[in-house]
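Only one structure is covered here, and it is reproduced in the block below.
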Amino acid sequence: MEIFDLDISYSQIYLFSVGTNNPFNQWEDKHLLQGFSWREGSVGFATMEESGIGHISVEFINKPLTSWLDGVQTVIEIPYEITLGAIEIASIADSKKIKAEDGKYALFFQHGINSQDEMWCRFSLCKVSQNIKPYVHLLRGREFSATALLMTAEAAV
């Protein structure tokens, strides 16, 4: 497991393939409502706070998650494909590269605020044989119900 701190800004944190041109996404209203913006190679997640230090962990797991961390406020599950042997976890102001095996993954994003009022995020990646259906399990502490999630975004330039 990789553990590090990241300077989060503009209420968003990203996971993208290393080498992605214009890795940040243009957010539409529906992206804000569902808590993430996704396009091939890049996914941005809304954070609970506008800015601040986030305690980040990234893990590669053998089985899809079936339970969540204590104190979690947001849980999102989406498909993600790694193609260049590495990913980057980033905000507008900061980033961290992580080596990874190429392939299709179920990406689980868990996010919350700890007892010291600090943001934390866990990215759990589980290798899968085919793409999974995106699902928002929990958003800002509430059950989330949507008939369809917006799985397209434009690059922010």
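Assigning unit charges at the beta carbon (Lys, Arg +1; Asp, Glu -1) and nothing else, what dipole magnitude in debye, to the nearest 20, does segment 1-147 show about its Cα centre?
Working: 12 positive and 19 negative charges, 105 e Å.
Once rounded to the nearest 20, the dipole reads 500 debye.
Report, in debye and to the nearest 20, how large the dipole of segment 64-157 comes out about its Cα centre when Lys and Arg carry +1 and Asp and Glu carry -1 on their Cβ.
Working: 9 positive and 11 negative charges, 38 e Å.
Charge dipole of segment 64-157: 180 debye, to the nearest 20.
Can you tell me how segment 2-55 classifies by the Cα gyration tensor, rounded, prolate or oblate, using a/c under 1.5 as the rounded cut? It would help to have the intermediate numbers written out before the result.
On the way: a/c = 2.10, a/b = 1.11, b/c = 1.90.
Here segment 2-55 falls in the oblate category.
For Cα Rg over 2.2 N^0.38 Å, pick the label among [x] 1.23; [y] 1.03; [z] 0.94 that corresponds to the value derived from the coordinates.
Answer by label: [z].
How long are the semi-axes of the ellipsoid equivalent to segment 44-119, from square roots of 5 times the Cα gyration tensor eigenvalues, in whole Å, largest first? Intermediate values should be presented prior to the final figure.
On the way: eigenvalues 100, 57, 20 Å².
In descending order, the three semi-axes are 22, 17, 10 Å.
What number, rounded to the nearest 500 deg cm²/dmol, is the helix-based mean residue ellipticity at 222 nm of the chain, given -39500 (n - 2.57) per DSSP H run of at least four residues and division by all its residues? Present the calculation step by step, with values, prior to reporting the outcome.
On the way: 1 runs with 6 residues, N = 157.
After summing the helix terms and dividing by residue count, I get -1000 deg cm²/dmol.
Pull up the DSSP beta bridges for the chain and report the antiparallel fraction as a percent, rounded to 5. Let's see the in-between values first.
Details: 52 of 60 bridges.
Of those bridges, close to 85 percent are antiparallel.
Restricting to lysine pairs 8 or more places apart or on different chains, what number in the chain have Cα atoms under 14 Å apart? All intermediate terms of the calculation are to be shown ahead of the outcome.
Numbers: Lys63/Lys104; Lys63/Lys127; Lys104/Lys127; Lys104/Lys133.
Total qualifying Lys-Lys pairs in the chain comes to 4.
I'd like the accessible area for Arg140: 1.4 Å probe, protein heavy atoms, all chains in place, Å² to the nearest 10.
100
Which chymotrypsin sites (Phe, Trp or Tyr not before Pro) in segment 32-81 pass both tests, a DSSP loop state and at most 11 other beta-carbon atoms within 10 Å?
Details: sites: Phe36, Trp38, Phe45, Phe60, Trp68, Tyr80; in loops: Trp68.
When the chymotrypsin sites (Phe, Trp or Tyr not before Pro) of segment 32-81 are filtered for loop state and at most 11 Cβ neighbours within 10 Å, nothing remains.
Which residues' amide hydrogens lie under 5 Å from the amide hydrogen of Gln12, considering only partners 5 or more residues apart or on another chain, with H built in the peptide plane?
Residues meeting the amide H criterion: Thr47.
Of all GluC sites (Glu not before Pro) in segment 1-107, which ones are in loop regions per DSSP and have a Cβ with at most 11 other Cβ atoms within 10 Å?
Working: sites: Glu2, Glu28, Glu40, Glu49, Glu50, Glu59, Glu77, Glu81, Glu88, Glu101; in loops: Glu28, Glu40, Glu49, Glu50, Glu101.
Those that pass, being in a loop and sparsely packed, are Glu50, Glu101.
May I ask you to give the percent of accessible area on the chain that is carbon plus sulfur, with a probe radius of 1.4 Å? Walk me through the numbers on the way to the answer.
Values: 3880 of 8210 Å².
Of all accessible area on the chain, carbon and sulfur atoms account for 47 percent.
Please turn the phi angles of segment 122-139 into ³J(HN,Hα) values with the Karplus equation 6.51 cos²θ - 1.76 cosθ + 1.60 (θ = phi - 60°), one per residue in order, whole Hz, x for glycine and proline.
Computed from phi, the couplings for segment 122-139 are 10, 9, 10, 10, 10, 5, 10, 8, 9, 4, 9, 7, x, 8, 9, 7, 8, 9 Hz.
Classify segment 92-157 from the C-alpha gyration tensor, please: rounded if a/c falls under 1.5, else prolate or oblate depending on whether a/b exceeds b/c. Could you put the intermediate results ahead of the total?
Numbers: a/c = 1.41, a/b = 1.10, b/c = 1.28.
Rounded is the answer for segment 92-157, as its axis ratio a/c remains below 1.5.
Which residues' amide hydrogens lie under 5 Å from the amide hydrogen of Phe24, considering only partners 5 or more residues apart or on another chain, with H built in the peptide plane?
It is Ala156, by chain and number.
The values are calculated or read from the model by the stated rules, or taken from the named source; none is laboratory data. This one's a predicted model, so the numbers in the text were calculated from it and none came from an experiment. Neighbour counts are summed over all protein chains in view; Cβ atoms, including those assigned to glycine, are modelled from backbone coordinates with ideal geometry. Calculation scope for accessible area: heavy atoms of the full protein, side chains included, ligands and nucleic acids excluded. Shrake-Rupley method; radii C 1.70, N 1.55, O 1.52, S 1.80 Å.
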